[in-house]
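S.K.: Please see the structure below; I have some questions.
The values are calculated or read from the model by the stated rules, or taken from the named source; none is laboratory data. In this text the structure is predicted, and so the values were computed from the model without any measurement. Cβ coordinates were reconstructed from backbone atoms using ideal geometry, including for glycine residues, and neighbour counts include every protein chain displayed.
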Amino acid sequence: MKFMHYYKKYGILLIVILLSAVFAFLSPAFLSVTNIINISKQITIMAILSVGMTFVLLTGGIELSMGSVVSLSVVTLSIYVIKFHWGIWPAMIAVVLASTLLGLVDGLIIAKIKVPALIITLGMQIFLYGFTYSICGGLPVYGVPNSLKWVGQTYILGYIPVSALLMVIIVAIGAFLLEKTYLGRYLFAIGSNETATNLSGINTDFVRVMAYTLCGFLSGVAGIIMLGRIGSGQPSAGEGYEMDVLTGCVLGGVSLTGGKGNLLKAFCGVLVIGILSNGMSMVGLNTFMQKMVKGLVLMIAVILDSLQYIRVKKKVKVIQ
């Protein structure tokens, strides 16, 4: 299985290069400075969410409610500022605290009551989308002030998006937490062998709750940036992001079984999704075809992840 060995080390970088070359051939404007800046803005939300998703996946869990948390954050922040006349900072703090609390609730239910993460986060997703559409009547909230838009629409030195800069900072902090802190080591340990980790004296429930809480926090931050980018409280703002983020993380080598992953490679996986979306739009593929391609990419990513797991199992000798 030499293919799997090389794919694990260099595959995601080769995919980025290959896709860029293909779309540059099909559309010369793809590699223009303007379009590269557009791609960096388009992947900002996914990249921030991928940090939280990686934390959760490393524990062997999954988070399917992050897109709905983004939508809720976008709409509630708009309502706080426009209808309730809150100040910008109190409104943003309230939104982030609420999203963090939602992550905490997910984590507590999963860790303490042992409800499968897939079920509880899917249920939370459905509930939050319904709640979000209810509080805004299914209509966008307009009139967002420029002070809220700057984070998504402002450029530094005329060409560096503020949102992309924040994305780089958050991904760097996430990579540091995973590689250089006890929290990161515990996340890897739980996904590799939760029983052994628990027996070693580590509070695995607390670490798992922390993973979901951080995921909720980052979803709230992503919601603030999303509102700044789109400029109105759209209740559908976060729809579909959870699957794009999941696909990007798995493409980047974060295992669905837990215990294996690298945040920088996960970022590259998200970059692949961003390049695909941007490139397909530039060459004129319709929305339905784009969904088909993304679904196919997700299936391929999961198959490759499963092949790596099978390869590892074959190397392990079970003593009976």
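S.K.: Confirm whether LEU77 is surrounded by fewer than 24 Cβ atoms within 10 Å (Cβ to Cβ) and within 21 Å of the chain's Cα centre (by Cα).
M.R.: Numbers: surrounded by fewer than 24 Cβ atoms within 10 Å (Cβ to Cβ): no; within 21 Å of the chain's Cα centre (by Cα): yes.
Criteria not met by LEU77.
S.K.: Let me ask you something else. State all residues of the range 22-56 that are small (Gly, Ala, Ser) and closer than 20 Å to LYS265 by Cβ; if no residue qualifies, say none.
M.R.: Filtering the range 22-56 for residues small (Gly, Ala, Ser) gives 24, 27, 29, 32, 40, 47, 50, 52.
Those that are small (Gly, Ala, Ser) and closer than 20 Å to LYS265 by Cβ: SER40, ALA47, SER50, GLY52.
S.K.: Out of everything in the range 80-104 that is crowded, with 16+ Cβ neighbours inside 10 Å and β-branched (Val, Ile, Thr), what residue ends up being farthest from the chain's Cα centre (by Cα)?
M.R.: Once the filter is applied, the top-ranked residue is ILE82.
S.K.: Among the residues of the range 175-185, is there at least one that is buried (at least 18 other Cβ atoms within 10 Å of the Cβ), among the hydroxyl-bearing types (Ser, Thr, Tyr) and more than 21 Å from the chain's Cα centre (by Cα)?
M.R.: no
S.K.: Quick one: in the range 111-123, of everything that is touching a residue at least 60 places away in the same chain (Cβ under 8 Å) and more than 16 Å from GLY52 (Cα to Cα), which residue is surrounded by the most Cβ atoms within 10 Å (Cβ to Cβ)?
M.R.: The qualifying residue surrounded by the most Cβ atoms within 10 Å (Cβ to Cβ) is ALA111.
S.K.: If you check ILE37 against the conditions, is it at pLDDT 90 or above and either surrounded by fewer than 14 Cβ atoms within 10 Å (Cβ to Cβ) or among the hydrophobic types (A, V, I, L, M, F, W, C) (or both)?
M.R.: yes
To keep it simple, each residue is scored yes or no on (1) within 13 Å of the chain's Cα centre (by Cα); (2) not hydrophobic (A, V, I, L, M, F, W, C).
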residue	(1), (2)
LEU214	yes, no
GLY231	no, yes
GLN234	no, yes
GLY238	yes, yes
GLU242	yes, yes
VAL254	yes, no
LEU271	yes, no
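S.K.: Here's something else I'd like to know. Against the condition under 30 Å from ALA24 (Cβ atoms) and at pLDDT 90 or above, how does LEU251 come out, does it pass?
M.R.: Answer is no for this residue.
S.K.: Another question, then. Looking at (1) buried (at least 18 other Cβ atoms within 10 Å of the Cβ); (2) more than 30 Å from ARG208 (Cβ to Cβ), can you tell me which one TYR129 breaks?
M.R.: Every condition holds for TYR129 apart from (2).
S.K.: Here's another thing I want to ask about it. Counting only residues that are hydroxyl-bearing (Ser, Thr, Tyr) and part of a helix (DSSP H, G or I), which one in the range 256-292 is surrounded by the most Cβ atoms within 10 Å (Cβ to Cβ)?
M.R.: Within the range 256-292, the first condition is being hydroxyl-bearing (Ser, Thr, Tyr), and the residues that meet it are 257, 277, 281, 287.
Those left that are additionally part of a helix (DSSP H, G or I): 277, 281, 287.
On the way: SER277: 19, SER281: 14, THR287: 9.
Going through the qualifying residues, I end up with SER277.
S.K.: Which condition number does GLY123 fail, the rest of (1) over 23 Å from ALA266 (Cβ atoms); (2) part of a helix (DSSP H, G or I); (3) in contact with a helix residue (DSSP H, G or I) (Cβ under 8 Å, 6 or more places away or on another chain) being met?
M.R.: Every condition holds for GLY123 apart from (3).
S.K.: If GLY228 satisfies every condition in (1) surrounded by fewer than 21 Cβ atoms within 10 Å (Cβ to Cβ); (2) modelled with pLDDT under 95 but one, which is the exception?
M.R.: Result: GLY228 passes all but (1).
S.K.: Related question: If GLY253 passes every condition in (1) touching a Gly at 6+ places or on another chain (Cβ under 7 Å); (2) of a type in the set (Gly, Ala, Ser); (3) surrounded by fewer than 19 Cβ atoms within 10 Å (Cβ to Cβ) but one, which one does it miss?
M.R.: Every condition holds for GLY253 apart from (3).
S.K.: Here's another thing I want to ask about it. Would a scan of the range 26-34 turn up a residue that is without any contact (Cβ under 8 Å) to a residue 12 or more places away in the chain, more than 30 Å from TYR133 (Cβ to Cβ) and not polar (S, T, N, Q)?
M.R.: The answer is yes; a qualifying residue exists.
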